[in-house]
Amino acid sequence: MDPRIVIPTWVSSSVDSWRSERLGSDGAQRVQVEFYVNENTFKERLKLFFIKNQRSSLRIRVFNFSLKLLTCLLYMIRVVTDNPAPHGSGQQSAPNGKCIDCQWNGSVQDREINWELIFWVDRKLPVWAIQVIVAIISFLETMLLMYLSYKGNIWEQMFQVSFLLEMINTVPFIITIFWPSIRNIFIPVFLNCWLAKCALENMINDVHRAIQRTNSAMFNQVLILICTLLCLVFTGTCGIQHLERAGKNLSLFNSFYFCIVTFSTVGFGDVTPRIWPSQLLVVIMICVALVVLPLQFEELIYLWMERQKSGGNYSRHRAQTEKHVVLCVSALKIDLLMDFLNEFYAHPRLQDYYVVILCPTEMDIQVRRVLQIPLWSQRVIYLQGSVLKDQDLLRAKMDDAEACFILSSRNEVDRMAADHQTILRAWAVKDFAPNCPLYVQILKPENKFHVKFADHVVCEEEFKYAMLALNCVCPATSTLVTLLVHTSRGREGQQSPEQWQRMYGCCSGNEVYHIRLCDSKFFGEYSGKSFTYASFHAHKKYGVCLIGIKREDDKSILLNPGPRHIMAAADTCYYINMTKEENSAFIFNQEERKGRPAGGLFDGPSQLPVHSIIASMGTVAIDLQNSSPPDPSSGKLVPPPTVNGTGGRRPSIAPVQEIADSSSILPCELLSDQSEDDSVFTDEKGDSSTDYVKGYPPNSPYIGSSPTLCHLLAEKAPFCCLRLDQGCRHNSFEDAKAYGFKNKLIIVSAETAGNGLYNFIVPLRAYYRPRKELNPIVLLLDNPPDNHFLEAICCFPMVYYMAGTIDNLDSLLQCGIIYADNLVVVDKESTMSAEEDYMADAKTIVNVQTMFRLFPSLSIITELTHPSNMRFMQFRAKDCYSLALSKLEKKERDRGSNLAFMFRLPFAAGRVFSISMLDTLLYQSFVKDYMIPIVRLLLGLDTTPGSGYLCAMKVTEEDLWIGTYGRLFQKLCSSSAEIPIGIYRTESHIFSTSESQVSVSVDDCEDTKERVEEPRANEPSEHPLLRKKSMQWARRLSKKSVRWQGVSRDSSKDHAQRIAQQRLNLYRRSEREELSELVRNRMRHLGLPTSGYQDLTNLTASDVMNRVNLGYLQDEQDHHQNTLSYVLINPSPDTRLELNDIVYLIRSDPLAHVPEELPLHSSSLKERREPSTEPREDTQL
């Protein structure tokens, strides 16, 4: 034989063709070998057909199951047609056809049992013939399967229960063929029910194998239990009926009735067995039931408990008929669950959706308790499983889901590892269900590009740092954005007795909505007109704040594109209002209906309606009434200045042109000659000025960061110059005072220099920030940054870092905290390892409280992990107002509010923030897919060409003549094309204390007796231990002075006066003075000048207003008056302006339409606000 033997396989036609070519080339010397998967023997082929092949095996088992049911049916027919009378020995029948024994009530011992009736029956010939045929078929099948499954031990197979039952029920029928005299012998054919049970179980397994579906253990166990119960009842019924042929001669139904009554433990006793064989059978059946049924129930309960933990399956029928979304988390906490459910189901069109939660951990006790509430139990389904397993994704019916939300575990110590898990989950869902929309939450910005395929992505650190940065230049930006992305009814605080809470709660109901211009009543009439014109008149007529637009042919959203943007009918408008326009009703009075021209709703620009917004569940009725101009003399409106000394009133608010004219648009001051600001950045220690340029940062720390035009250094700063507290060969400055900064510092305290800090710097160095208003940024880091991070920040001006912590007073003083205006405290990852989740903020809260005491004029912005911990930011146990706010929060939570924490003063003032509040941004994107781009534009994370940016303007005494927010809106639109969206208000408030403070007075030096003084009790600012030590020291000094009186009257008198004065100083020494002395001592120890440190007595009014948190000046000042701050989003147009109000503005992009020649102009705010003196058509107010 040729050694070059080619062995082809019968796999495909290509292999066959290759084999034929090879055979043709070498002739007949080739040997063809056929390979088989199984052995090519008769036994193996039968085994393949009867056992291994799923479909053929399933058919065999169905046939076998049918045979067993047929045998049981034939037995019942035989029982019904059986007549036991002919087989009795001397047994007589009663006239009514019943056996005389049926009427016998004697005991069994008084009569012998007729065994002939037990061993012999009356079997009709057709029944016998059919039973013989079925028995032969069953016998042959049993022997064949025994032969096919033979594995060397014949006795093991012969003594199997199923084989013995088959032999008992088949062999006697076969014998009767050859021995006709025993044709009527009793054969327990009813035992075939147990064989039918086994056949049914095997058949169900083959069904699942054939359709390639995972078998349900719960379904199998329930099936086994039901079959066991049926077999027990059927066996007992047939056995008792047959044995009672020799006794009471029970019918089949009576035997069935007796079995049911017995197994249900009822035991009426009206039907009972009379002879001992049937009674013995009952005992045996009860013993079998007591052994078998508890085992079956135990297995069923175990599987039920396991299913409760894993959550079962979401049915395919429900997935195809109902809509559902899937929430994928690594660990489900009660706060996260309630935030998701409250925000998701806050939208009316999502009420019919189901929420399927897929989580790898076991359900928490609190989560289980919440999901048992009827409100959620019918709509929320919890599945325990992994997103990485296709079986679990199939259980959740991910391919039929409307959306999939993948949330990261922010409580993990290693956030990078948490992001890696999120990325794998997103990939797994995309692989399994490519058409399912993905909503992904990521923690680190450098991991964002891995999930860029997702429909919506929210990077936590990007939003967090950008929001904290804007908080430093636009107060309470975090509160503004949080209220915008939460769904609220606008009814929070409406039952409060305080005006600010009612106004604040009502304005919190404003949200961002969208509508096509051609379908809108708000904006439909402004097609072909400028954006500023549309925003001006829409707010004037309806109180609606138009903030942005999107072209039909462009996917980018533009915030305040400016007056040069012409509205088109296909544009999508984005506006802030209490509810969407589709849920609004427009009501006109009868006079206005008659006098209103047919051309439009309001054609004349001089009509100003009174806006009465009545908020309800999803519907807003806007009452448009005809109102006359307000009387300046009757209100508080300050009349504007006169023109040329005459009594005539000059035009206060100019109208907005329908189509912008280049001459009417004020040139942006940011594009003016930049040489005017060069002197601001001149170094006091040197003679040369620092050169700044506008450009894009050359080094982005991570992939996917949006390019932003910023103020940059002409040359990168060396790494050694970025260290604030150490000098180098380029400069010798070692503290913030030596740098001579003109503006106040912004200090950021973080654990590590992550890439998210880059998003803190960029908004504060954006090109639209005036150079003279740039604040130095100092990064106070627990761990020194790496060179990669320094390379990214070295191009920005006035950005420094230093190693230190906020719990170290020396580090705070070295980084220049006494020269800072804002301190941002970022949540630290290492605190996530707290044993109790809510204790993760403990260290941060205590450190911030300490800094409030040490530096009262400092504005501290804190990030917390849990929003519920905000109440500890100004905790005072005996403060009545704080307790009242706590009760208000609980009432709002009981009323179903999603913003129960909004009335906490630190949150309302924008001094505390939790990133978990922005989780609703991702949830809301399911209904409003534009929310993430809009928030990114507001925070400066994205800079779309032509889109505006968020800034703030302070209302001064010169601006109070405008009077109301509506007039201010019109004024800003007409003068500078700016769109106001809200007010940050700081107002004085008088807080009542629980107990009056009692001052301590000491008499003259002649009174040397010890008196019982009443210290200033109940002062939270007074440390009990310090006060106790000071008082004990004073008492000891006073006691010594009494003993020294006998030494010398003259000397003792002077000494007593001196001691008394010391005692008086100690009593009058407050905690504020002790803390101030501590700070000064540390500054002297570090060699820092103490001239910049301000004591409480040196605080200016602006410093007091900046410190808006409640209670921290109350104990240190003589009066109890303090300030509180809150945000009003799109307030009513008739809201009165107050001094020091800060107005949030969306200013148009200064680079959107740059004229060729920019005229020089003054950049002062006062001159920009001055209206033109040219005669213009006046807007009646």
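How much area per residue is accessible in region 716-852 when the probe is 1.4 Å and only protein heavy atoms are counted (Å²)? Don't jump to the answer; show the numbers that get you there.
Values: 4760 Å² over 137 residues.
Result: 35 Å² per residue.
Do the alpha carbons of any pairs in LYS333/LYS580; LYS448/LYS555; LYS550/LYS928 sit beyond 24 Å of each other, and which pairs? It would help to have the intermediate numbers written out before the result.
Values: LYS333/LYS580 32 Å; LYS448/LYS555 21 Å; LYS550/LYS928 14 Å.
Violating the 24 Å limit, Cα to Cα: LYS333/LYS580.
Counting only residues 5 or more places away or on other chains, whose amide H sits under 5 Å from the amide H of VAL544 once H atoms are built in the peptide plane?
HN-HN under 5 Å from VAL544: HIS539.
How would you order 1127-1137, 729-739, 439-449 from highest to lowest mean count of nearby Cβ atoms within 10 Å?
439-449, 1127-1137, 729-739
Return the long-range amide H neighbours of LYS954 (sequence gap of 5 or more, or a different chain), with a cut-off of under 5 Å between placed amide H atoms.
Here the answer is VAL1143, since their amide H atoms fall under 5 Å of that of LYS954.
Calculate, in nm to one decimal, what ARG853 and TRP376 gain on full extension: separation in residues at 0.36 nm each, minus their alpha carbon distance.
Taking ARG853 through TRP376 to full extension adds about 167.2 nm, to one decimal.
Measuring from a point 7 Å past the Cα of ILE177 along Cα-to-C-beta, which residues in region 133-163 have an amide N at less than 16 Å?
Residues 133-144 fall inside that zone.
Extending each Cα 7 Å along its Cβ direction at GLN391 and TYR838, get the distance between those two points in nm, one decimal.
Those two pseudo-labels are separated by 3.9 nm.
Could you list the residues of region 216-246 with an amide nitrogen less than 20 Å from a label point located 7 Å from the Cα of VAL207 in the Cα-to-C-beta direction?
Counting only backbone N, you get 216-231.
In sequence order, what are the phi-derived ³J(HN,Hα) couplings for region 1133-1149 according to the Karplus relation 6.51 cos²θ - 1.76 cosθ + 1.60 with θ = phi - 60°, rounded to whole Hz, with x for glycine and proline?
These are the phi-based 3J(HN,Hα) values: x, 8, 5, 6, 7, 10, 4, 6, 5, 10, 9, 7, 10, 9, 8, 5, 5 Hz.
Taking the dipole about the Cα centre of region 190-339, with the C-beta of Lys and Arg at +1 and of Asp and Glu at -1, give me whichever of VAL207, LEU280, GLY247 is farthest to the positive side.
Of VAL207, LEU280, GLY247, it is VAL207.
Could you give me the radius of gyration and the Dmax of region 718-825, taking only the C-alpha atoms into account and expressing both in angstrom?
Answer for region 718-825, Rg first and Dmax second: 12.8, 36 Å.
Would region 864-985 count as rounded, prolate or oblate if I go by the C-alpha gyration tensor, calling it rounded below 1.5 in a/c and otherwise prolate when a/b exceeds b/c, oblate otherwise?
Oblate, since a/c reaches 1.5 and b/c is not below a/b.
What are the ³J(HN,Hα) couplings of region 958-975, residue after residue, when phi is run through the Karplus curve with 6.51, -1.76, 1.60 and θ = phi - 60°? Round to Hz, x for glycine and proline.
Residue by residue, region 958-975 yields 6, 9, 5, 5, 5, x, 10, 5, x, 5, 5, 4, 5, 4, 5, 5, 6, 8 Hz.
Tell me whether region 314-432 comes out rounded, prolate or oblate; compute the Cα gyration tensor, take square roots of the eigenvalues as a ≥ b ≥ c, and use a/c under 1.5 as the rounded threshold.
Oblate is the answer for region 314-432, as a/c is 1.5 or above yet b/c matches or exceeds a/b.
Quick one: Karplus J couplings for region 799-805, per residue in order, coefficients 6.51, -1.76, 1.60, θ = phi - 60°, nearest Hz, x for Gly and Pro?
Those phi angles translate into 10, 10, 9, 7, 8, x, 10 Hz.
Based on the Cα coordinates of region 708-763, what is the per residue volume of their convex hull in Å³?
Expressed per residue, the convex hull around the Cα atoms of region 708-763 is 128 Å³.
Which part of region 740-769 falls in the paramagnetic zone of VAL693, meaning amide N under 20 Å from the point 7 Å along Cα-to-beta-carbon?
Counting only backbone N, you get 762, 765-769.
Note the full-extension length gain between GLU582 and ARG1058 as 0.36 nm times their separation in residues minus their Cα-Cα distance, in nm to one decimal.
Separation in residues times 0.36 nm, less the Cα-Cα distance, equals 163.4 nm.
Using a ≥ b ≥ c from the Cα gyration tensor of region 367-515 (square roots of the eigenvalues), is it rounded, prolate or oblate, where a/c under 1.5 gives rounded and otherwise the larger of a/b and b/c decides, a/b for prolate?
Judged from the Cα gyration tensor, region 367-515 comes out oblate (a/c at least 1.5, b/c at or above a/b).
Within a Cβ distance under 13 Å of GLY695, other residues only, what is the Lys/Arg minus Asp/Glu net charge?
Result for the neighbourhood of GLY695: +1.
Using modelled backbone amide H atoms (1.01 Å from N, in-plane), which distant-in-sequence or interchain residues come within less than 5 Å of THR862's amide H?
The list, which skips near neighbours in sequence, is VAL825, VAL912, PHE913.
The values are calculated or read from the model by the stated rules, or taken from the named source; none is laboratory data. Treat the numbers as computed from the prediction; the structure is a model and nothing was measured. Note that each Cβ is placed from the backbone with ideal geometry, even for glycine, and that neighbours are counted across all protein chains shown. Just so you know, the surface numbers come from the protein's heavy atoms only, side chains and all, with ligands and any DNA or RNA stripped out. Shrake-Rupley method; radii C 1.70, N 1.55, O 1.52, S 1.80 Å.
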